[in-house]
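The values are calculated or read from the model by the stated rules, or taken from the named source; none is laboratory data. In this text, all values refer to a predicted model and were calculated from it rather than measured experimentally. Cβ sites come from the backbone with ideal geometry, for glycine too, and all protein chains shown count toward neighbours. Remember, those area values only see protein heavy atoms, side chains included, never the ligands or the DNA or RNA. Shrake-Rupley method; radii C 1.70, N 1.55, O 1.52, S 1.80 Å.
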Amino acid sequence: MAIPTAFSGAKLESLSSSAAAASPASIGLFCNPGRVRRLSIQKGLFNSGIRCEVAASDVVDQSQSSGNVTSSSSLSALEQLKSSAADRYTKERSSIVVIGLSIHTTPVEVREKLAIPEAEWPRAIGELCNLNHIEEAAVLSTCNRMEIYVVALSQHRGVKEVTEWMSKTSGVPVTEICKHRFLLYNNDATQHIFEVSAGLDSLVLGEGQILAQVKQVVKVGQGVTGFGRNISGLFKHAITVGKRVRTETNIAAGAVSVSSAAVELALMKLPGSCHTTARMLVIGAGKMGKLVIKHLVAKGCTKMVVVNRSEDRVSAIREEMKDVEIIYKPLNEMLKCAAEADVIFTSTASETPLFMKEHVVDLPPVGASVGSLRLFIDISVPRNVGACVNELEDARVYNVDDLKEVVAANKEDRLRKAMEAQAIISEESKQFEAWRDSLETVPTIKKLRAYAERIRVAELEKCMSKMGDDISKKTKKAVDDLSRGIVNKLLHGPMQHLRCDGSDSRTLSETLENMHALNRMFSLETDISVLEQKIRAKVEQTQK
């Protein structure tokens, strides 16, 4: 009887009572040596980490072909796995995985469907962590990227589950997601988020807005079940890296954000003589809209119209920029304002487009002094301006993917700084991986304490029974405290040698050697593996 597809794929389910037992010899393993997990610890401390997958079609009891089917009651997939050579799966360390779609790999029309609003991040984390092979999760969703970070109990199964979840929540077919996504594991995932936080993966090299967005991931994740030790540690370290890169390389000097790039693109498309006279309209006064206004002012614009749902935010911006004429208009006057504008910036959270071809076709033409083209600079995801507007002769639409033009000429200096930043990222990546490797000792610490506690309690009960029933509470407490004190003093030395701050690779190597030595000496590895406990818990949770 083959292991069910549910086991080899997305779910771990118990086999039915009529399932035939598969002998260890009948398990077919396919190992891909190219998928060796990279560990920053010394060679030889762990197995090579080659990930092996069970071929479901090959798990067949040879006796079945001759009609001798051996029945097995309540044989779970985990027990079958454990009895085979495939138990390496249960001993594999959890992996940090990134399933991402960014401006570099995915068009905006796909990204906008997959985007997850910040308010929905906690819900998304909860749903992701309810998947069988996902232990921790975080969402980084911006106008340029939608990335899911997870700690997966199995790389292959975890990626499959997350991709299916993304498809289910967005309506985008799995095949379409797979066409555009990128996948990164462990060290590569660490390197990626550090580069993202440092601004090296941004459309505008060194831009600072992404660091604020990474900080927001941590802020939103605080207290959310599933935003666990590994993922929170990764993002907090990424913030440190982002700050350090900007301080030590000055890569942000002269760098622009998406909103700044939007303004530069508009000015690039306008004739130079009208930069300060073109009629500017900004729709949306949120964070992005406010930045657009600031950058317009920095480029010499002294008058603009701002359309927003309410006047409060516009009034606050007006207070900040008292030397600039900012005219507020409500949303119901948007088309009237567009008719009187040469350049229209849109940055709202609207789920549906504000401008389609039918809205723009009847707008009066703009003057020859601004190139006879009405410009729509749309920096919203989902988009606020339909691509169909480009079909009109007197209008042009630019979205976040078109901002690449803005940064083409200004890269040489930033690329030099980026090389300096990569050296910092490489150093910080090693430190983070060393910290994460040091967490390997946590299960051993818990097992050793539990082992010592079992002995203490057993011996204490023997002692108390010999002392009789007439001993006082004070004496009982004194004996109990004595036993605890002896155990704590005996454990102090081993515990010290199992703790490591991860900043010294030599100390880390020694720590891991000590961990293996203690596991052997006290037979701690005979207990059910921590990873297997997690998998069992996941299965039980889904069966409730």
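One table, with the values for the structure above:
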read-out	value
Selected residue (criterion: nearest to residue 121 (Cα to Cα)) from residues of segment 167-179 that are part of a helix (DSSP H, G or I) and in contact with a helix residue (DSSP H, G or I) (Cβ under 6 Å, 6 or more places away or on another chain)	170
Enumeration of residues in segment 307-321 that are assigned to a helix (DSSP H, G or I) and loosely packed, with under 15 Cβ neighbours inside 10 Å	312, 315, 316, 319, 320
Output for segment 128-175, where each listed residue is open to solvent by 40 Å² or more (accessible area, probe 1.4 Å) and touching a residue at least 40 places away in the same chain (Cβ under 8 Å)	130, 135, 156, 160, 164, 169, 171
Helices (runs of 4 or more DSSP H) enclosed by segment 339-451 - at least 1 residues per element that are at pLDDT 80 or above	357-360, 412-438
Options 210, 283: the member that is modelled with pLDDT of 95 or more and of a type outside the set (Ser, Thr, Tyr)	283
Residues satisfying the stated conditions in segment 322-333, i.e. open to solvent by less than 50 Å² (accessible area, probe 1.4 Å) and in contact with a helix residue (DSSP H, G or I) (Cβ under 8 Å, 6 or more places away or on another chain)	324, 326, 328
Segment 107-127, residues that are without any contact (Cβ under 8 Å) to a residue 40 or more places away in the chain and small (Gly, Ala, Ser)	119
Residue satisfying condition, being in contact with a Ser or Thr (Cβ under 8 Å, 6 or more places away or on another chain) and open to solvent by 40 Å² or more (accessible area, probe 1.4 Å), within set 349, 387	349
Extreme residue, nearest to the chain's Cα centre (by Cα), among residues of segment 456-495 that are open to solvent by 80 Å² or more (accessible area, probe 1.4 Å) and within 30 Å of residue 229 (Cβ to Cβ)	492
Some residue of segment 392-404 being among the small types (Gly, Ala, Ser) and surrounded by 15 or more Cβ atoms within 10 Å (Cβ to Cβ)	yes
Candidates 236, 243, 269, 215, filtered to the one that is under 25 Å from residue 370 (Cα atoms) and touching a residue at least 12 places away in the same chain (Cβ under 8 Å)	269
Subset of segment 180-192 [open to solvent by 20 Å² or more (accessible area, probe 1.4 Å) and assigned to a helix (DSSP H, G or I)]	180, 187, 188, 191
Within segment 205-302, helices (runs of 4 or more DSSP H) holding 1 or more residues that are farther than 24 Å from residue 340 by Cα and open to solvent by less than 20 Å² (accessible area, probe 1.4 Å)	209-221, 229-249, 258-269
Filter result for residue 336 (modelled with pLDDT of 90 or more, basic (Lys, Arg) and surrounded by fewer than 17 Cβ atoms within 10 Å (Cβ to Cβ))	yes
